[in-house]
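Okay, structure first, notes after.
No lab work stands behind these numbers, since they all come straight from the coordinates. Please read these numbers as outputs of a predicted model, since none were measured by experiment.
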Amino acid sequence: MNRPEQQQIDHWLKNAQYEIDHAWRLNREGFHEKNGVPLQAVYVGVAQDHAFLARVKFLNGDAIDEVHSEFTNAARCILKSFTMAYDEQDPDYQGKRRIGLKWEKPSRSMASILPSWPPISISPESWRAGFGIRPMGCTWTSRSTVTPMPSNTSCSVSGDRPGNLLRTQRDTYLGKPSQRNDYRKNYYTLSTALLGIVNQDGALFNKGLRMQLEFYQGDTQGELKDTDEEFICDYAVALANLGLQHGLAVTVEQATLPKGLLIRA
């Protein structure tokens with residue numbers, strides 16, 4: 001496995017846990033409220049820190065259950081940030097105070113989707129569906145490509161509507177493809193993999209994964225170089241696990257898609 005030096009890993013482990021503890025300590029002391037930092041932003045930030053800790057624990061060779069646990073913590077925080085934004089029954093509902101992200105309210109609102117999930121559906125076992133933090137970014141902005149399951153199996157991709165939406169988005173992109181490695185191309189690679197899952201098309205699914213990993217490779221030589229994210233592509237891992245959950249094989253091989261993070265049925 002491609003990994004950094006142990007000294008670097010040790011530093012990251014210490015820093016990741018410090019950032020998590022520091023964020024909640026500041027919150028308890030009222031720092032965020034006094035300085036106008038939305039609670040929603042705190043949860044998003046802490047989610048990123050838990051994902052950071054999960055990646056580093058994996059690179060450190062820690063027990064895989066501990067790695068899954070940190071990804072689960074990250075997913076909990078991301079789910080909380082969404083319920084705060086869209087679920088009026090959430091005690092921390094933000095309403096018009098949502099952080100500056102211009103989230104379009106899905107036609108099937110998050111208020112109706114998220115409360116139907118179990119208290120925490122993304123367990124270490126069901127984390128194979130993508131652990132929430134990364135695929136949510138592409139699936140929920142795709143207006144509910146991922147739909148809740150009534151049990152602890154976390155989420156499922158199904159129905160004609162998600163496929164139609166993803167096809168429309170891909171066709172729009174292909175009508176005017178980006179000439180740069182920008183957010184549009186990134187989203188296109190993710191949509192391709194998701195469409196493969198929706199259509200149960202293994203070739204398309206793996207094509208999307210391969211394109212995402214190739215896209216990501218540019219980042220590993222740029223802004224992500226010398227960081228923990230140089231070694232693991234969260235998006236690819238999440239989507240690979242989502243595909244595995246839905247019976248598709250992962251044939252793509254790349255150092256930033258560690259086999260040790262793929263959870264097979």
Response to the item:
Flagged as over-length at 20 Å C-alpha distance, from Lys14/Lys57; Lys14/Lys34; Lys57/Lys225; Lys14/Lys259, the pairs are Lys14/Lys34; Lys14/Lys259
Worksheet item: Which of the aspartates and glutamates could be linked to Lys176 by a straight reach, that is with a Cα gap under 18 Å, when you skip same-chain ones fewer than 8 residues away?
Response: none
